[in-house]
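My questions all concern the structure below.
The values are calculated or read from the model by the stated rules, or taken from the named source; none is laboratory data. If you're wondering where the values come from, they're calculated on a predicted model, not measured in any experiment. Don't worry about glycine lacking a Cβ; one is built from the backbone with ideal geometry, like all the others, and counts go over all protein chains shown.
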Amino acid sequence: MLSSRNTPFDNLRNEIAGEKFSALRRISENLSGCLQELEVMNEKINKSMIDNLPFQDVNKMIETFNKIREDAEEWRYYLTVTREASGFFHGLLKAGVYKIPQRIEDIGEDYYTKLNLKVHRYGKEECILLLQ
């Protein structure tokens, strides 16, 4: 905060600290947004697999999920680098805080055939658990 009581050096230091904070906030907001999108996409993918949507449509959703995941990894890297450059070392950022889900592999044409066998063999409730 700029003040007439502070020296010009204090004012400059406060302004730099404010810029660092703003950069960290923007980066963490982008990362959080990506993580929220990943949660929504994961639910859509699971629901569409349960609803037996065509595998091509599911694969498009999976491709979108994986692109968002790559963006999240990039934003997490930016956050780590910016924190370190600002004097907050990586060790202070706990791994679980911004946990990025695993990449999802495309499903093949025979996925639903295998799924139907699992539904028949294990029952519907256990099949849903296998998808998650």
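Residue by residue through the stretch 1-52, note down the ones that are within 21 Å of Lys99 (Cβ to Cβ), surrounded by 13 or more Cβ atoms within 10 Å (Cβ to Cβ) and among the polar types (S, T, N, Q).
Selection gives Ser28, Asn30, Ser32, Asn42, Asn46.
What is the one condition in (1) assigned to a helix (DSSP H, G or I); (2) surrounded by 11 or more Cβ atoms within 10 Å (Cβ to Cβ); (3) modelled with pLDDT under 85 that Val81 does not satisfy?
All conditions pass for Val81, except number (3).
Identify the residue in the stretch 29-52 that is among the hydrophobic types (A, V, I, L, M, F, W, C) and modelled with pLDDT of 90 or more and, among all such residues, is nearest to the chain's Cα centre (by Cα).
Here the residue is Leu35.
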